[in-house]
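Values in this text are rule-based calculations from the coordinates and carry no lab data. Note that this is a predicted model, so its numbers are computed, not measured. As a convention, Cβ positions derive from the backbone with ideal geometry for all residues, glycine included, and neighbour counts pool all protein chains shown.
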RNA sequence: GGGCGAUUAGCUCAGCUGGUUUAGAGCGUCUGCCUUACAAGCAGAGGGUCUGCGGUUCGAAUCCGUAAUCGCCCACCA
């Protein structure tokens, strides 16, 4: 067809089709009688931009949802974004700082106005980027973790858990982020190995002139908060210290020696300084021995008044300075290099400070029980299954969840403090006031007397409700959508958020709906560059997905990323994969151009070769359909795609189309043409979930469809049983044709010169019509003796030869035949060795023995054929 | 310190309950071809002692043990 360019141009078709799908509401789903299929998107950060991880993740989701839709299910993919408390607040604070505005200069309301402005400006960019990828999300259902329904759901759940006694408030040692100025959950702390120093400091013993003990520490600045030194009671080196006190260096404070077997005698000097305010273990010791707690840090990591010295200096500056001062005072024994793990904030990368503070917590232990069981019994299936281990370990060692954050951007904790002390928890201000009046017995109380807790909730405290709250299942559990779509079908996400999100969603599912939130969890790998480094902004090794789409087309990129994404592995991404995807698009495009360019003659009889080719391809296609169905069921998506790729490229394009291709200038018969269009249609449907744009474009050219129809909603081809014999026969044929091609190549005989094929040995002639066409043969003759001037090759035990004008290179041919002979003789020997082993024959299953016998007889026949060929050649 | 996973062709990976596997695929490499669908292509070819060692078995890439290397997760040794 002349109107089709020789190359596929994605830019011309992608936006057109996306608009078409949207215009006809093809992504939208409403409950009906069909089986539901539902995916909820892992909500990206509202102000984020698309990166390669999203590309992978969302391509997989789109493939799954498009496939389900084409299987006739009522498929829904719900999109949305996450308010991403800390990271969004940090971005807004940074933006304000650029304008010379400090967060502390603003009221909460003013700050939130800025934050919402920011959200409206940048929010949703990422969702529009997903459209470029072809994501078939139901945009009418787009949600945000801070929209009305989701926010009210969070309030409801908080109150519910509080009323069930599962939320409490208390002073605990928490992970403090001195940059974001908020507490973090344990999961938000990332431990990194760092090269640091171990400082050995002298603590003078009180009342023992000149005597001192040496304490090893990595954080000398914290001596300002030391309130004891601890040794192991079994440590004889220090038994003399019992009941004594030591003087904290520089500070001059006298602190007790305590004895506890928590201290490892082997580590450092066996003496541990105890700073209850700034170390989790020290806190535990302080608690146990009633030690004083001196909080020497301000929230931003500088030294507080309580530190007494270096007040206002940053903790890291103090570390340097105090060592200089200690050195000058002769209180440093030595300094050693030391590698230790330092906790960093996941969001800001600031070094975490353990800090004692008042926070809100969720009791997790009981909530975890049904959630653990669901995964253990595969009621919720994890793919790959190895993540069950990770999940089990975390769930059985689950800690209480610190949910309060000292932020403004997020869901404000629904607790109101009373003027008389104490607090009430309620979903709304009005309700809070009523409760407050009831609790205080003071009917005069007004809202202005109550002070709402200023803290916000952890972002994940809203995302853990996502599969429920998207359908308003918290506020209105009887609604139609929720009853129809919940539980959702598949969740596609990265293993890095298995604790943050996946585990907690499962917990929430059972805590609030008494059922799982989804049936399958597919964990993708992490996208890395081709030398295995994680993609990151700072390394600059992450390509811009939108540029890739520009360059290779959305379908090309989708294919590229899927080819690289075997189940359960990280993805070694390389642009060349997208190139391969683009090339495949081009292949499909050109195959289509070929077929659509044919003149059709419905009067013309169907050539036998075409009839046979159709018979074979039907079998081959069904074989692949079955394979693809099986692979997709196991989430082996890249393997399924590869199977389709090979079906289209190798079998359909390279074999089938060549078999049925009419001679140049002559028309194709109607019967074959119609069948070929049918095959093409089937292939396009099979490909559509992976490559939505090109398949829609070609489907439009292929079918006389009405406006509003789409391949998106066409039925996926159903796998049917197939004729294995037909495939085997064709495989044999391929070998014979390959033999002919090799001869042509070696003898430099052009394809257009027809040849005679001589056959010595058994030959099934049922596909000879194809053989003649593909080999350009004038005749196929059965012979007894191979003529001297003929080039030959052997398939199975049959020797095929082609008379050639030029002399054949006897030496060359002999060499090749002899090496063939050697190979088969060795093979035969190994088979015979097995068969002559009595134990093998006695113990192996009959089937296996029979198989070996078949191998033996095949090899014998083959060897005979090769020997005959050698002999014939030698006599020549 | 505990656990999990990996190690198969130059690269990325299949190979599920041991037996048509002296091991497959895609990409890359090499050799021919601008053959009127496609050079983003066509037709071919080469490439591996399945990380090492030991064991179980008639039979091991596959199961067991062990060592090495790499990766990931978890953990309160300052």
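A few comments on the model shown:
- Part-to-part distance (alpha-carbon centres) for the stretch A:501-546 and the stretch A:362-397, which is given in Å: 17
- Between residue A:397 and residue A:427, the FRET efficiency estimated from the beta carbon spacing at R0 = 30 angstrom works out to 0.35.
- DSSP beta bridges in chain A [antiparallel fraction, %, rounded to 5]: 70
- Taking the number of Cβ atoms within 10 Å of each Cβ as an exposure proxy, the fewest-first ranking of A:701, A:83, A:24, A:688 is A:701, A:24, A:688, A:83.
- Spatially, the stretch A:112-148 and the stretch A:333-347 are offset by 40 Å when compared through their Cα centroids.
- Exposure proxy for A:275, A:493: other Cβ atoms within 10 Å of each Cβ, ordered fewest to most, give A:493, A:275.
- Additional length obtainable on full extension of the chain from residue A:860 to residue A:113, 0.36 nm per residue less Cα span: 260.3 nm
- Counting neighbouring beta carbons within 10 Å and listing from fewest to most, the residues A:747, A:7 come out as A:7, A:747.
- The distance separating the Cα centre of the stretch A:826-859 from that of the stretch A:765-792 comes to 34 Å.
- Eigen-decomposition of the gyration tensor built on the alpha-carbon atoms of chain A gives equivalent ellipsoid semi-axes of 70, 38, 24 angstrom, largest listed first.
- Subtracting the Cα-Cα distance of residue A:663 and residue A:849 from their residue separation scaled by 0.36 nm leaves 62.0 nm.
- Rel. contact order, % - alpha carbon contacts under 8 angstrom, at least six apart, chain A: 12
- Its DSSP H runs of at least 4 residues, each contributing -39,500 (n - 2.57), put the calculated 222 nm mean residue ellipticity of chain A at -13500 deg cm²/dmol, to the nearest 500.
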